[in-house]
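K.L.:
Sending over a structure as structure tokens; questions will come in a sec.
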Amino acid sequence: MQHSTEEKILTARPVLPPIKPEILDQHTQQRLKNGLECNAVEEMVNPDYFSEKCLEESRYSLIKETLNQLAEYLPGYCPLLMAVKAEFENCIQTIQRGNQEALYLSGKIRSMVAEQTTLSYYTRRIDQLKQIIPVIQSNNKKLHPEQMTIQMESGDHLQEIQEQVISVEVPVDNGHVNAPKRLFHGLILGESIDVEHLRKQSSSLDQQVNNLRQARKSHYTPREQKDRLKVQLATKTKAKDLVTEKNFQLKARCRKLRVALDALRVYEKDALVQPTQAEVIIHALTRSNSKMSSRSTDVLSSTFDDDDPSKEREAEMLLDYIEYFNELFGEGNYKDAAMHAASSPKGILRNSETLSRFKGISARSGKTSPLLIYCEALVSSVPAVGLLPNAETSLECVKSALVEDRLDLVMYWLAQKRLTCSEPLGHLLYNYTQGKSEDILSKGLPLAEAVYTEVDAQIQAAVCMCKQGKVQAMADYAISAGFGKDMYVGVLVACPSLALAEVLIQLRDTKGKPALSVGAVVFALLQTDSYTVGLQLLDEIHQRIKSVHFYHSQYRYGFGAMPANKRRHQESHLLVPGTSPYTAGIDMDFTTLPAQTDF
């Protein structure tokens, strides 16, 4: 029964004709292949063919074209192939639609994620503008009386000018005023009918015309003169080549004659020599040529380098470059002069003399000093030149920036590594921060620390860390640098603080030995002006010792003997590590303390 049902289903479907070899003969196969190859070549000619999207689209179109070609050459399979093609196109459209929706949803998700950040930025900007509005309103109120005064003064001045223009006597001809038909460019009505003013303008224009005529004679020459100079230059160059070739020949001949002369002198002195004079000369010339062959090229090139005209032209160009810099500097155009000097060829103007010239110019009030302008140009040209300014020049650049409170400029220079670090540069940055605000301290001390670390000034770098409150970082740096006891004491004297003293007492070097004892720390602190820090440290140690005695007495008289593990736990919490319960590691002689110290 089941077998008969399957046979009915199979017979209900249309039977496809078989693919006969005659249908796809050789000619038809060649046409199908050529058509597909032409379509593939046309798509590959497209410049965007090799992108990922174009590769997918070209693959889809190639499959569609293949199905169309098969349907054309196999009519019996046309319905099946068209159904496959329709299903393929629907699938591809669904995939493309899904990709578009995924792209849209990803963009929407990104915008929703950034919405909170954008809102916070807008809120912050609103708060800033709310703070700025009262300041602007108060400034407007302060400037309003001054504005009214200026407007009143300018109004009175304009009224006086108009009255003067009206009161000017204008020549009259037959009852008509001989007013100019049109105003002169740059002149108002009163000036255009003022004879004295017009005479001054006329003399000024005459002077400009004379200057232009003089410039035409001195700065410009006719084109014929240029052609004549070209001909003369070609003639001189040809004559120079001939003379150079002749000079080369004469030098070679002179060298050979000198070798022959030396050989003949030796021949005359030695009477036992058997060869003839000609053989001696030939042998000497041959030996001389073999010795000179390796270095003849270098000798001749060095000989002719002295007469090379390109070096003369280069020297002339450098002189012109220096003269143009002097002109700019003399005219007071310091900005262009600074850029001209910073980009000078071979660094001919990037020297201390140029820096001294800019340093000698006094700065105008409210404007950037010429020295800082030159320093900015000098440092900004470092990537192009490929050469850092030396330590002295770097120090002067930083000094000029700090004089005008341009710490931000120094931060940028050091961050870009465009200065040569030195210990005086670190001293300059450290001294600049003394007595300044917290903002300057938070910016200047890290710069000084970076410079000291770069030049391996270890104690100064550690002091800068302590000044910033990075005591533990200083301890790690000291251990890695291998500090000695004197170096630790130097840091403590420079930055006396209770936190630093406790860290130095607890610090252990790489071998497990303590960096400083309690006595050494206290003694060093008592020798400074901040001896109160040493007293605080002694008081804290005394309180810890009293606490240990209290716990011992409590367990001894009240509750029996303290267990060993409990006693060690209390000592570890109440005493400085590495000290005994009763002496706390104090190994100093109190007779050596200053007389004014009061315990």
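K.L.:
Looking only at helices (runs of 4 or more DSSP H) that lie completely in the stretch 434-508, which have at least 3 residues being under 30 Å from the mean Cα position of the chain (by Cα) and under 30 Å from E404 (Cβ atoms)? Walk me through it before giving the result.
P.N.:
Working: elements: 438-454, 458-467, 471-481, 485-494, 498-506.
Of the helices (runs of 4 or more DSSP H) lying wholly inside the stretch 434-508, those with at least 3 residues that are under 30 Å from the mean Cα position of the chain (by Cα) and under 30 Å from E404 (Cβ atoms) span 438-454, 458-467.
Every residue, every condition in (1) part of a helix (DSSP H, G or I); (2) closer than 12 Å to S400 by Cβ, yes or no:
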| residue | (1), (2) |
| --- | --- |
| E353 | yes, no |
| I361 | no, yes |
| R364 | no, no |
| T368 | no, yes |
| L372 | yes, yes |
| L378 | yes, yes |
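No lab work stands behind these numbers, since they all come straight from the coordinates. Here the structure is a predicted model, which is why all the values come from computation and not from measurement. Here Cβ is always computed from backbone atoms with ideal geometry, including for glycine, and neighbour counts include all displayed protein chains.
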